[in-house]
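Colleague: Take this structure first; my questions come after.
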Amino acid sequence: MDYKFESTNTDKELPKEIIDKLPTAGSVEHGKTVNAPSTKFDDVKVTDGVWSFKGWTPVKYENVTGNVEFVGKWEFKVNQYVIDYKFESTNTDKELPKEIIDKLPTAGSVEHGKTVNAPSTKFDDVKVTDGVWSFKGWTPVKYENVTGNVEFVGKWEFKKNASIINHIPTISASDKTLTVGDTFD
């Protein structure tokens with residue numbers, strides 16, 4: 001009676017931590033019935049994911065007439081990481097309005113080792129009472145070979161309305177006469 005482990009994922013080899021769990025070969029008498037081991041295996045965490053034991057094939061042999069082999073199946077699931085988004089103002093003295101915060105993309109996910117790009121969403125300018133907010137882009141523009149949660153930061157810039165910036169000042173003064181040599185303040 002022999003045992004072996006196989007991956008249910010054809011592109012993924014079993015790690016040593018799993019191979020080391022193989023039961024020791026045994027024997028069974030001719031004509032007897034033998035069941036697969038009842039051993040429970042804990043999940044095995046590796047850098048890029050988790051291996052889970054799915055069971056033995058077959059679950060038993062009846063009326064044994066020769067060598068038998070039980071195959072333990074392990075399934076691999078790649079780690080999934082959170083993709084999060086936030087907006088920031090490039091103007092330290094100005095908070096982002098609710099109209100901009102409401103445009104934040106919904107969090108997503110990315111598999112271990114993959115590349116993820118910042119959203120290609122175009123945001124229209126947001127007009128407020130005293131000026132206009134313009135979207136300036138995402139930082140960073142992409143993450144390569146992801147090994148954990150990632151965050152893209154969208155930068156927004158505020159510019160005051162030209163009517164406020166170019167406001168003509170009002171000067172109130174009375175007529176004065178200056179003669180040569182007088183000091184003037």
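Every number in this text was worked out from the coordinates using simple rules, so none of it is lab data. Model, not experiment: these values are computed from the prediction. Cβ sites come from the backbone with ideal geometry, for glycine too, and all protein chains shown count toward neighbours.
Colleague: Could you give the dipole magnitude of region 80-165 about its Cα centre, charging the beta-carbon of Lys and Arg +1 and that of Asp and Glu -1, in debye to the nearest 20?
Modeller: On the way: 12 positive and 13 negative charges, 41 e Å.
Charge dipole of region 80-165: 200 debye, to the nearest 20.
Colleague: Related question: So what is the 222 nm mean residue ellipticity for the chain from helices alone, if each DSSP H run of at least 4 adds -39500 (n - 2.57) and you divide by all residues, rounding to the nearest 500 deg cm²/dmol? All intermediate terms of the calculation are to be shown ahead of the outcome.
Modeller: On the way: 3 runs with 12 residues, N = 185.
Value at 222 nm, helices only: -1000 deg cm²/dmol.
Colleague: About the Cα centre of region 2-78, what is the dipole size in debye to 20, counting +1 per Lys and Arg Cβ and -1 per Asp and Glu Cβ, all else neutral?
Modeller: Working: 11 positive and 13 negative charges, 36 e Å.
Dipole magnitude for region 2-78 comes out near 180 debye.
Colleague: Now for a different question. What is the fewest-to-most order of SER27, SER38 by other Cβ atoms lying within 10 Å of their Cβ? Don't skip to the end; give the middle numbers.
Modeller: Numbers: SER27 9, SER38 6.
The fewest-first ordering by Cβ neighbours comes to SER38, SER27.
Colleague: Run through region 24-85 and list the GluC sites (Glu not before Pro) located in a DSSP loop whose Cβ has at most 16 other Cβ atoms within 10 Å. Mind showing how you got there, number by number?
Modeller: Details: sites: GLU29, GLU62, GLU69, GLU75; in loops: GLU29, GLU62.
Counting only loop positions with at most 16 other Cβ atoms within 10 Å, the GluC sites (Glu not before Pro) in region 24-85 are GLU29, GLU62.
Colleague: Over every pair of different alpha-carbon atoms in region 80-165, take the mean of 1/r and invert it; report that Kirkwood radius in Å.
Modeller: Values: mean 1/r = 0.0710 Å⁻¹.
Its Kirkwood hydrodynamic radius stands at 14.1 Å.
Colleague: How large is Rg over Rh for region 2-78, taking Rg from the Cα atoms and Rh as the Kirkwood inverse mean of 1/r across Cα pairs? Walk me through the numbers before you get to the answer.
Modeller: Working: Rg = 13.9 Å, Rh = 13.4 Å.
Answer for region 2-78: 1.03.
Colleague: May I pose another question? Given the pairs LYS136/LYS160; LYS32/LYS77; LYS12/LYS86; LYS77/LYS98; LYS103/LYS159; LYS77/LYS122, which span a C-alpha to C-alpha distance of over 27 angstrom in this model?
Modeller: Values: LYS136/LYS160 16 Å; LYS32/LYS77 37 Å; LYS12/LYS86 35 Å; LYS77/LYS98 39 Å; LYS103/LYS159 19 Å; LYS77/LYS122 34 Å.
Pairs exceeding 27 Å: LYS32/LYS77; LYS12/LYS86; LYS77/LYS98; LYS77/LYS122.
Colleague: Could you tell me the relative contact order of the chain? Use alpha-carbon pairs under 8 Å, at least six residues apart, and round to a whole percent. Please list the in-between numbers first.
Modeller: Working: 309 pairs, mean separation 34.2, N = 185.
Taking the mean separation of contacting Cα pairs over the length of the chain, I get 18 percent.
Colleague: Extension gain LYS94-SER120, at 0.36 nm per residue separation less the Cα-Cα distance, in nm? Intermediate results must be reported in sequence, preceding the final value.
Modeller: Details: separation 26, 0.36 × 26 = 9.36 nm, distance 2.53 nm.
Working it through step by step, the gained length comes to 6.8 nm.
Colleague: Still on this structure: Which order results if VAL141, VAL46 are arranged by neighbouring Cβ count within 10 Å, fewest first? List each step's numbers first, then the result.
Modeller: Details: VAL141 9, VAL46 15.
So the residues, fewest neighbours to most, are VAL141, VAL46.
Colleague: Still on this structure: If each residue's Cβ is checked for other Cβ atoms within 10 Å, how do ASP43, ASP102, ASP175 rank with the fewest at the top?
Modeller: Working: ASP43 12, ASP102 7, ASP175 4.
Listed from fewest to most nearby Cβ atoms, that is ASP175, ASP102, ASP43.
Colleague: Can you pull out the trypsin sites (Lys or Arg not before Pro) in region 1-65 that DSSP calls coil and that have at most 12 other Cβ atoms within 10 Å?
Modeller: Working: sites: LYS4, LYS12, LYS16, LYS21, LYS32, LYS40, LYS45, LYS54, LYS60; in loops: LYS12, LYS21, LYS32, LYS40.
For trypsin sites (Lys or Arg not before Pro) across region 1-65 that sit outside H, G, I, E and B with at most 12 neighbouring Cβ atoms in 10 Å, the list reads LYS32, LYS40.
Colleague: Based on alpha-carbon atoms only, what is the radius of gyration of the chain relative to the globular estimate 2.2 N^0.38 Å?
Modeller: Details: Rg = 35.0 Å, N = 185, 2.2 N^0.38 = 16.0 Å.
Compactness ratio reported: 2.19.
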